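Chemist: Attaching a single structure in structure tokens format; questions to follow.
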Amino acid sequence: MKRVLWLLRWLLKAAVFFTLLAFALNNQQEADIHFFFGTRWHAPMVLIVLAAFALGLAVGALGMVPRWWRQRRAAALARRLPTAEPAPPEPVIHAEPTRHGL
């Protein structure tokens, strides 16, 4: 079963790779990106899409940093707090077996 899952995972990775390769080969025409004040960037379309994707990843990662810092600070504070003693275990009551008078 593990071998089948490994093979399916490998086939999925290969399919994604070849899909992206076909996308890159189909988008080699030149494109212009116009910025402010008359500046522009002239590059193949696939590089422009790749740059937009990388910029999106960077903005997303930077957007997660404040929450990550807060969680780390809360975890560090929780580690420093003294822990209360655990409650004693409940006593186990064993019921006596019923006797049928035999």
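The values are calculated or read from the model by the stated rules, or taken from the named source; none is laboratory data. Bear in mind that the values here come from a model prediction, so they are computed numbers and not experimental data. Methodologically, a virtual Cβ is constructed for each residue, glycine included, from the backbone with ideal geometry; neighbour enumeration extends over all protein chains shown.
Chemist: VAL49: exposed (fewer than 10 other Cβ atoms within 10 Å of the Cβ), in a helix (DSSP H, G or I) and either in contact (Cβ under 8 Å) with a residue 12 or more places away in the chain or not polar (S, T, N, Q) (or both), yes or no? Reasoning before the result, please.
Modeler: On the way: exposed (fewer than 10 other Cβ atoms within 10 Å of the Cβ): no; in a helix (DSSP H, G or I): yes; either in contact (Cβ under 8 Å) with a residue 12 or more places away in the chain or not polar (S, T, N, Q) (or both): yes.
No; evaluated as a whole, the condition is false for this residue.
Chemist: Among the residues of the stretch 20-29, which ones are surrounded by 10 or more Cβ atoms within 10 Å (Cβ to Cβ) and not aliphatic (A, V, I, L, M)? Before you say what the answer is, go through the steps one by one.
Modeler: Let us first name the residues in the stretch 20-29 that are surrounded by 10 or more Cβ atoms within 10 Å (Cβ to Cβ), namely 20-24, 26-28.
Answer for the stretch 20-29, where residues must be surrounded by 10 or more Cβ atoms within 10 Å (Cβ to Cβ) and not aliphatic (A, V, I, L, M): PHE23, ASN26, ASN27, GLN28.
Chemist: Something else: Based on what the data block shows, is VAL16 of a type in the set (Val, Ile, Thr), touching a helix residue (DSSP H, G or I) at 6+ places or on another chain (Cβ under 6 Å) and surrounded by 10 or more Cβ atoms within 10 Å (Cβ to Cβ)?
Modeler: Details: of a type in the set (Val, Ile, Thr): yes; touching a helix residue (DSSP H, G or I) at 6+ places or on another chain (Cβ under 6 Å): no; surrounded by 10 or more Cβ atoms within 10 Å (Cβ to Cβ): yes.
Taking the combined requirement at face value, the residue does not satisfy it.
Chemist: Which pairs have Cβ atoms under 9 Å, sit 6 or more apart or on different chains, and link a residue in the stretch 76-98 that is part of a loop (DSSP other than H, G, I, E, B) to one that is modelled with pLDDT under 70 and surrounded by 10 or more Cβ atoms within 10 Å (Cβ to Cβ)?
Modeler: none
Chemist: Could you identify the single residue in LEU62, LEU8 that is exposed (fewer than 10 other Cβ atoms within 10 Å of the Cβ), at pLDDT 85 or above and assigned to a helix (DSSP H, G or I)? Working first, answer last.
Modeler: Values: LEU8 fails: exposed (fewer than 10 other Cβ atoms within 10 Å of the Cβ).
From the options LEU62, LEU8, the qualifying one is LEU62.
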